[in-house]
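> Got a structure for you, written out below as structure tokens; questions coming shortly.
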């Protein structure tokens, strides 16, 4: 066991992937000498050279497009989008090219490209450094969309993403980059949680909280607080949003009968809406209350002095738990 | 308004003395593409095709000229007007027509269709400009191997920002990228003067990217002109923009030609087809007939095929 921050765990995961496979490349804005604005690629250019860790111009469409071209010739590029809000200039390359080329060729063409996106708020930054754009990509057929929530998953999931033959949108909760936890870097890959599986991170009997990325920790804190009120709260870390591990989710909700989905992104047309619909289809007769959604309002992400009002927190999650029991 | 129709550049008014006869293989390929495109329009009229199509009528000589300058390891990225690009690269008209019609034997099981073909080292996409970053990545991967990436774009494509991100990266990283600009003076229905400020050459120059303009319609002449430049792209590993002054003899798609009769006449006057027919009547008439009949057979055979696997319920 090694104690690592999430940023360092991702770094170690990429390092391992680069050591294992010379076709793995890292590219993005300031990923080389600087090591990325969050230092997630720290030291990689020094150890693997400028040919494998490529500092790019400010050109997100160019970065993803170039990565697609490299993948067409056998490389496995890992692209860093510096901040969530900068992924939008790359939208055409991701949505029209990266997601669809493999489908159009019925899988004959493989594009093993990873797009890493530091996501979410909570670091006192501006709007375009604080967004949660996951629903744009879960809505796009042909992409795997995942979100890690802790160092141990960061270490394994980034390696699974790089090994994956499909394009992967990889969300990293930036406010959790500095949180530390034990990581077993020696566990064989066969022992890792499969890439497309959710995980029960806290078992419970009365209510299920579904979260991913930055909100998993918030939900764990809410579950601990609810326990003091005698409520047994199960927390599921979805990990993979597309494909969604609906079997695990439905099993949990069918058992507890109550569910809230928690994410930072706006509730309206957010990823929680899809889960609520799916659970209604799968667990209708088991539900004691409607599936609730806890998330941001339908506004642009606010200036940092207001972000505490925007982001779901312990109180808002506990309020949802109360409403589930009061129904 | 009087419109004078100039003779195609690079030739004498009669054209006969300076123009060497095209090689039979080139004439066969030119006429295969011409009849393939005409057949598509005919199949649309007959209700045999769905969706839409963009034909390269008048521009067939460009990919034919380039075909022998490209090697097996080169990667070609094409656009919405890509049937000629494909046929000049792969002698598989059955597969292409089956792809467009969704019939058995389709290149991509009929999923890609006219504008999204992936076959060996050929990839097309209909969104303007988006192929250039991909081409730059392919070229980066091919750097040092002697192979290159060749991307076909149009004059309208230069309105897209992705073009400039790609040119910047291509020159910055010195990648073997051949950008072929089919400058036909019209972006769908918008003339160049209404959609482009400045010139393609100046835009390439802004990135220190080499630029060469081709005005000839002669396949052999174009090859001779471009061969050393293409060799330089490979050997020196650097991008090159080759801009063809060309004309679109047909509409953008089908029945959407907004050009005046004079403008259409001008485009027709630059059509290699009439020119070759006039200059080399003997081989032309024979090969023209043979290719027309060949494409008719292809169309009949492919039309009779069962739907591709993807199309079946």
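Here, each number is a calculation from the coordinates, and none is a lab measurement. Quantities reported herein were computed from a predicted structural model and do not represent experimental measurements. Using ideal geometry, Cβ is built from the backbone for each residue, glycine included, and neighbour counts are taken over all protein chains shown.
> What's the angle, to the nearest 10 degrees (0 to 90), between helix A:246-256's Cα axis and the longest principal axis of chain A?
20
> On alpha carbon coordinates alone, what is the Rg over Rh value for the protein assembly as shown, Rh being the Kirkwood radius?
We get a ratio of 1.05 for the protein assembly as shown.
> Of all DSSP beta bridges located in the protein assembly as shown, what percent are antiparallel, nearest 5?
20
> Have a look at the DSSP beta bridges in chain B and tell me what percent are antiparallel, nearest 5.
The answer is about 20 percent antiparallel.
> Here is a further query. Go ahead and estimate [θ] at 222 nm for the protein assembly as shown from helices alone: -39,500 (n - 2.57) per DSSP H run with n ≥ 4, summed, over the residue count, rounded to 500.
-12000 deg cm²/dmol
> Continuing with the same structure: Starting from the Cα-Cα distance between residue A:2 and residue A:42, subtract it from 0.36 nm times their residue separation and give me the gain in nm to one decimal.
12.6 nm
> Within segment A:135-160, whose backbone N sits under 20 Å from a point 7 Å along Cα→Cβ of residue A:182?
Answer for this model: A:149-157.
> So what's the angle, to the nearest 10 degrees on a 0 to 90 scale, between helix A:60-72 and the longest Cα principal axis of chain A?
Tilt relative to chain A: about 70 degrees.
> Please work out how much length the chain gains when fully extended from residue A:308 to residue A:255, using 0.36 nm per residue of separation minus the C-alpha to C-alpha distance, in nm with one decimal.
15.8 nm
> Separate question: What residues of segment B:158-198 lie in the reach of a label at residue B:229, counting those whose backbone N is under 20 Å from a point 7 Å from the Cα along Cα→Cβ?
So the set is B:158-159, B:163-164, B:166-172, B:174-186, B:198.
> How would you order B:257-269, A:122-134, A:195-207 from highest to lowest mean count of nearby Cβ atoms within 10 Å?
In descending order of packing, they fall as A:122-134, A:195-207, B:257-269.
> Per-residue counts of other Cβ atoms within 10 Å, averaged by peptide: what ranking do you get for B:182-194, B:281-293, B:240-252, highest first?
Output ranking for B:182-194, B:281-293, B:240-252: B:240-252, B:182-194, B:281-293.
> I need the shape label for segment A:2-191. Rule: rounded when a/c is under 1.5, else prolate if a/b > b/c, else oblate, with a, b, c from the alpha carbon gyration tensor.
Note, shape of segment A:2-191 comes out rounded.
> When DSSP beta bridges are limited to those with both residues in chain A, what percentage is antiparallel, rounded to the nearest 5?
For chain A, the DSSP antiparallel bridge percentage is about 20.
> Pairing the Cα long axis of helix A:151-163 with the longest principal axis of chain A, what angle in degrees results, from 0 to 90 and rounded to the nearest 10?
50
> What nm distance separates the two modelled labels at residue A:19 and residue A:51, each placed 7 Å from Cα along Cα→Cβ?
2.1
> Once you wrap a convex hull around the alpha carbon atoms of segment A:199-326, what is its projected area averaged over all directions, in nm²?
Result: 7.4 nm².
> Now for a separate question. Under a point spin-label approximation (7 Å from Cα along Cα-to-Cβ), what is the residue A:109-residue A:269 distance to one decimal in nm?
Computed distance between label sites residue A:109 and residue A:269 equals 2.8 nm.
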